[in-house]
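I have placed the structure first, in the form of structure tokens, so that the comments after it can refer back to it.
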């Protein structure tokens, strides 16, 4: 009772499994406009999109704050993932709103 033991698997390397590679190539995943590197985050992907896509995804005001680099995508929601209203966001990020003249 109260044991703190943990089972930890130890895996073999690709070479030990008989594959002539040291590591697998980086993966990709689908996006609305084609394959992207698996390591690409949503904010990185969104930054590369045209203004109309950013506006559609975030709303015009949030997109403007995002484009100007004043607010990150993560700042638009609380810890539970609830989207802050623009009034709540304006109170939380007053300097950012002033910086982009909103």
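Determine which member of the set 30, 57 is outside any loop (DSSP other than H, G, I, E, B) and either surrounded by 11 or more Cβ atoms within 10 Å (Cβ to Cβ) or at pLDDT 90 or above (or both). Quick ask: steps written out before the conclusion?
On the way: 30 fails: either surrounded by 11 or more Cβ atoms within 10 Å (Cβ to Cβ) or at pLDDT 90 or above (or both).
That would be 57, the only listed residue that is outside any loop (DSSP other than H, G, I, E, B) and either surrounded by 11 or more Cβ atoms within 10 Å (Cβ to Cβ) or at pLDDT 90 or above (or both).
If a residue has to be assigned to a helix (DSSP H, G or I) and exposed (fewer than 13 other Cβ atoms within 10 Å of the Cβ) to count, how many in region 61-85 make the cut?
So the first thing to find is which residues in region 61-85 are assigned to a helix (DSSP H, G or I), and the list is 61-67, 73-76.
Remaining after also requiring exposed (fewer than 13 other Cβ atoms within 10 Å of the Cβ): 74.
Count: 1.
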Single condition residue 52 does not satisfy, out of (1) at pLDDT 95 or above; (2) loosely packed, with under 10 Cβ neighbours inside 10 Å; (3) at positive phi: (3)
Scope region 76-96; condition under 22 Å from residue 48 (Cα atoms) and either at pLDDT below 95 or out of contact with any helix residue (DSSP H, G or I) (no Cβ under 9 Å at 6 or more places or on another chain) (or both); matching residues: 77, 96
Long-range neighbours under 8 Å by Cβ, at least six apart or interchain, first residue closer than 17 Å to residue 81 by Cα within region 40-62, second in a loop (DSSP other than H, G, I, E, B): 43/72; 57/49; 62/71
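The values are calculated or read from the model by the stated rules, or taken from the named source; none is laboratory data. What you see is a predicted model; the values in this text were computed from it and never measured. Here Cβ is always computed from backbone atoms with ideal geometry, including for glycine, and neighbour counts include all displayed protein chains.
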